[in-house]
Amino acid sequence: MSDLKRCPFCGGSNVNLKYVGNDRTKSRKVIIKCADCRFTRTDAAIRHNHDWLTEVITKAWNTRPVEDALKAENQQLRDAIVKAWSVLRVENWREDDYDDVSDDWEAWLDAYECAVDEAWTALDTALHPDTQENKSHDTEN
């Protein structure tokens, strides 16, 4: 049996394939049915066999463009957060400049604020590369 994703409507995992007819009958169908919400998708063919139909219906069922786009955006956000976090990590600061934080609290706070600003800039650049290019062009003109 083919690997089917969960139902796109209810999220149920009780999704089944059903074959109607056989390779010797004039008309053959493959039906995918969600037992939870009772959604049904049917594909039929006259000239093709059940294997071909199963491949077609499975590909159609598993195609989720919105879900794929959200996963790609989610990965982009994760990468941006990792990049921003790497800017904020204390070990990226020059340790010899801030050995004793208690002696120079304002310098440490300034360095921290600069790191936060850099992190936000890195995050904004990763999330909105088009606007960053436009900003750089605006400042040049």
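Converting phi to 3J(HN,Hα) with the Karplus coefficients 6.51, -1.76 and 1.60 and the offset θ = phi - 60°, region 72-82 yields 5, 5, 4, 5, 5, 5, 4, 4, 5, 5, 4 Hz in sequence order, with x at every glycine or proline.
Note on region 15-63: Cα Rg divided by 2.2 N^0.38 Å, N the number of residues, gives 1.11.
Only lysines eight or more places from Lys33 in sequence, or on another chain, were considered; those with a Cα closer than 22 Å are Lys5, Lys18, Lys59. For region 9-83, the set of trypsin sites (Lys or Arg not before Pro) satisfying both a DSSP loop assignment and a count of at most 11 other C-beta atoms within 10 Å is given as Arg24, Lys26, Arg38, Arg47. Using θ = phi - 60° in the Karplus curve 6.51 cos²θ - 1.76 cosθ + 1.60, the 3J(HN,Hα) couplings for region 61-66 round to 5, 7, 7, 9, x, 5 Hz; x is entered for Gly and Pro.
Rounded to whole numbers, the Karplus 3J(HN,Hα) couplings from phi for region 15-32 are 10, 10, 9, 9, 9, 10, x, 9, 5, 9, 7, 5, 10, 9, 9, 10, 10, 10 Hz, using 6.51 cos²θ - 1.76 cosθ + 1.60 with θ = phi - 60°, and x at Gly and Pro.
Readers should treat all values here as calculations from the given coordinates under stated rules, not as data from a laboratory. Since this is a predicted model, take the numbers as computed values, not measurements. Cβ sites come from the backbone with ideal geometry, for glycine too, and all protein chains shown count toward neighbours.
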